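To start, the structure itself, in structure tokens.
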Amino acid sequence: MHRYIPVFLFTFFLTLLLGSLLIPLLKKLRASQTILHYVKEHSSKAGIPTMGGVIFLIAITFSYFLYCSDFNRFSKIALVITLSYGIVGFLDDYIKIRFKRNLGLRAYQKIVFQVLIAAIAACFVYFNGMTHVDVPFLNGQIDLGAWIIPFSMFIFLATSNSVNLTDGLDGLAAGTSFVCFFIIALLISFKSELYNLSGDTIMSEEYVNLFCLSLSAAGGMLGFLCFNSFPAKVFMGDTGSLALGGLIASLAVFSGYSLFIPIIGIMFVVSAVSVIVQIFSFQIFGKRVILMAPYHHHLQQRGCHEAKITAAYMIVTLIVSLIIIYFTF
């Protein structure tokens, strides 16, 4: 506990400080994204700066290197992957701002960058022997062998894009990610303790550093929510949402909890599936299943206030995560 609480609090307060300094700068630089005209509820958000993800990414990075200990190879790679996704998102945000349009990088460009990062991460997982995956509810593991490479790539691509799709309302992606990081930290602490009891202190410390990285991310999310919750003073942009997806995937894949992501990230899954089903239904049958995808926009169209939607997403994430932990461990 000597560094667990400090790493969370330090990242929280550093995010508050950086937000206070950088948000006025983003406003001065006119770093605001064009608001989609077909989401009429968002017309009042014009002029709010984006790219706010740099705030918590700087805080998490600085905090991590301040509090990480020896045997931190897994966590360092996780941070590198996170920042790599953040760079892709930054390029996307920059193009949107620079050319005053809602379309940044072309779809194929984003996919190429994301696939490349995911492939490197998946190869790291395989060549470091992290091929065992924990199975929810069964408290057991399966060894995927070389199949861990395509499986991990899918996890990275699905998670990063699902979090990106969830970033559509004030505090939605940040609030849901905040809960996810706390749950992931709890899961990682279980595994760290198992390695410690078995006498493998090196692996135990590797997971302790992943645990600290997850807590640092939770602190960063809580700090960012002070600026991003309704009414938002800044948006995280793709800079933040892609990076968050990359970090969630890294923490889960490196700790063997890949199969837990669809459960603890249930609301991210809802966002992604709602978009896929909506597109499929419209293309094949010419009909929309919901009023607007992703699902949070459907709820908004039904008259739900975005602050309540954000709270509901956080609550569902927490309850479902606690259920899976209870019935698995």
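No value in this document is a laboratory result; all are computed from the given coordinates. None of the values given here were measured: they were computed from a predicted structure. FYI the Cβ positions are ideal-geometry reconstructions off the backbone, even for glycines, and counts take in every protein chain you see.
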Residue match in the range 81-94 (condition: over 30 Å from Thr50 (Cα atoms) and under 21 Å from the mean Cα position of the chain (by Cα)): no
Of the criteria (1) of a type in the set (Phe, Trp, Tyr); (2) closer than 30 Å to Tyr4 by Cα; (3) out of contact with any Lys or Arg (no Cβ under 8 Å at 6 or more places or on another chain), which one Tyr295 fails: (2)
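Tell me whether the range 125-140 contains one or more residues that are within 20 Å of Gly53 (Cβ to Cβ) and of a type outside the set (Phe, Trp, Tyr). Walk me through how you get there before you give the answer.
Taking the range 125-140 first, the residues within 20 Å of Gly53 (Cβ to Cβ) are none.
No.
Restricting attention to the range 166-200, which residues are of a type in the set (Val, Ile, Thr) and over 20 Å from Phe235 (Cβ atoms)?
From the range 166-200, those of a type in the set (Val, Ile, Thr) are 166, 176, 179, 183-184, 188; that's our starting set.
Matches in the range 166-200: Ile183, Ile184, Ile188.
Every residue, every condition in (1) touching a strand residue (DSSP E or B) at 6+ places or on another chain (Cβ under 8 Å); (2) surrounded by fewer than 24 Cβ atoms within 10 Å (Cβ to Cβ); (3) within 15 Å of Cys68 (Cα to Cα); (4) of a type outside the set (S, T, N, Q), yes or no:
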site	(1), (2), (3), (4)
Asp167	no, no, no, yes
Cys180	no, no, no, yes
Ile202	no, yes, yes, yes
Glu205	no, yes, yes, yes
Ser216	no, no, yes, no
Phe230	no, yes, no, yes
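Here are some residues: Ala118, Ala146, Ala174. Which one is buried (at least 22 other Cβ atoms within 10 Å of the Cβ) and farther than 30 Å from Ile309 by Cα?
Only one candidate qualifies: Ala118.
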Those residues of the range 264-306 which are surrounded by fewer than 21 Cβ atoms within 10 Å (Cβ to Cβ), under 22 Å from Ile324 (Cβ atoms) and in contact with a Ser or Thr (Cβ under 7 Å, 6 or more places away or on another chain), in sequence order: Ile266, Val269
Ala158 vs. criteria touching a Pro at 6+ places or on another chain (Cβ under 9 Å), in contact (Cβ under 8 Å) with a residue 40 or more places away in the chain and either among the aliphatic types (A, V, I, L, M) or in a helix (DSSP H, G or I) (or both): yes
